[in-house]
1. Looking only at region 71-88, decide whether some residue is open to solvent by less than 70 Å² (accessible area, probe 1.4 Å) and closer than 21 Å to residue 355 by Cβ.
2. Test residue 304 against the stated conditions and say whether it is of a type outside the set (Asp, Glu), farther than 26 Å from residue 121 by Cβ and in a helix (DSSP H, G or I).
3. Of all residues in region 110-133, count the ones that are part of a helix (DSSP H, G or I), more than 27 Å from residue 312 (Cβ to Cβ), out of contact with any Phe, Trp or Tyr (no Cβ under 9 Å at 6 or more places or on another chain) and not basic (Lys, Arg).
4. When region 230-251 is examined, which residues are found to be of a type in the set (Ser, Thr, Tyr) and under 20 Å from the mean Cα position of the chain (by Cα)?
5. Restricting region 184-197 to residues that are without any contact (Cβ under 8 Å) to a residue 60 or more places away in the chain, farther than 19 Å from residue 235 by Cβ and part of a helix (DSSP H, G or I), which is least open to solvent (accessible area, probe 1.4 Å)?
6. Counting only residues that are open to solvent by less than 30 Å² (accessible area, probe 1.4 Å) and farther than 16 Å from residue 187 by Cβ, how many does region 205-231 have?
7. Out of region 19-30, which residues are open to solvent by 40 Å² or more (accessible area, probe 1.4 Å) and either under 23 Å from residue 210 (Cβ atoms) or touching a Phe, Trp or Tyr at 6+ places or on another chain (Cβ under 9 Å) (or both)?
8. Give 157, 137, 120 a once-over and let me know the one that is over 19 Å from residue 332 (Cβ atoms) and either in contact with a helix residue (DSSP H, G or I) (Cβ under 7 Å, 6 or more places away or on another chain) or among the hydroxyl-bearing types (Ser, Thr, Tyr) (or both).
Amino acid sequence: MSTNHPTAPQSDASLWPGLSFVAAIALAATGVAALFANLPAPIGPVPVSAMLVAIIIGLAVGRYARAQPTLENGLALAKGPILRTAVALVGLRLSLTDLVSTGGQALPLVVAMIATGLVLVLGLGKVFKVSPRLVILLAAGTSICGASAIAAASPALKAKHEETCYAIACIGVLGLLAILIYPVILQQALIDPDLVGLALGTVIHDTEQVTAAAVYHQQLWPNDQTLDSATVAKLMRNSTMLVVIPALVLSYYRREHGASGARSKVPFPMFIVAFVLFSVVRTLVDGWVAASDTATLATAWRGALALAHQFSLLAFAMAMSALAISVSPSEVRSLGIRGFLVALVATVAMLVVALAWLS
């Protein structure tokens, strides 16, 4: 047990052991994910989320880490401010100009997919008697943008660590299966690579999963359209996080505390403000770089965006490992298979709706 008083100020020195520990796990998880992504054919590539790997490692070393009081402060920082920073940095991936100019064609299908995911997860969650917080996390991850949406909703819901880890694991497994299966199904049903890309961007959850599936399709059926269409659709789908997550959080508090209780208890997810600010920065700097027509400046800006993206991924992995350390594997297993089945049914249904819509 920690000897630190809970209200005592945290010194920088007390943060480093825990931060170093989760940083090492995050780097290892990133390396494992990169290794799988670069496996040679016919075995690879196998896209695996670094966040999922970090959760697995965190669960594996959790008993040891929980017994080390010196790690507590750093783990708390990773689960709090570092996680919120990672979510906010996702805003740098969203250019409002690109969203307006190219996302309109994907909007009707995106709305249909989000509605399908939300209705099925929320409805089946009640039928299968899945815990309300876990249902909201699965709804966010399935309908919007996978692990990023789950990580964004978790603090506002005050979700248990095992619920967050479980939801992200579900999305990771389903995404991996979708990467391997969906490109083949969609090619046979739709043929047109633009339509295949549009479907991939609206039915697969994580952005990295969408990219991997689109690249996989282009490797099997060479073309230049799948990835572009998938990126446009996913960009539009990700942007709905600004509205859907606050709505899901509010619906949870309304259900748990009633309309009057919800107004006083629901915490506004402040990442939304930071997310929007970073999106505005991305849009303004994109415009400035384009107007300057300077190759050096454009290269520097692309490098800065790539660096921010990698930092966000690393921060996510650090936060997820810290969350996983806080729970034991038995606590995750105790949530059972019902939540996974709910997410599975919703994921398959979204594919069916997309096929019917685009055929």
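1. No: region 71-88 contains no residue that is open to solvent by less than 70 Å² (accessible area, probe 1.4 Å) and closer than 21 Å to residue 355 by Cβ.
2. yes
3. 9
4. Selection gives 231, 239, 240.
5. 187
6. 3
7. 30
8. Just a single option satisfies the conditions, and that option is 120.
The values are calculated or read from the model by the stated rules, or taken from the named source; none is laboratory data. Remember, it's a predicted structure, so these values are computed and weren't measured experimentally. Cβ coordinates were reconstructed from backbone atoms using ideal geometry, including for glycine residues, and neighbour counts include every protein chain displayed. For accessibility, only protein heavy atoms count, side chains too; no ligands or nucleic acids. Shrake-Rupley method; radii C 1.70, N 1.55, O 1.52, S 1.80 Å.
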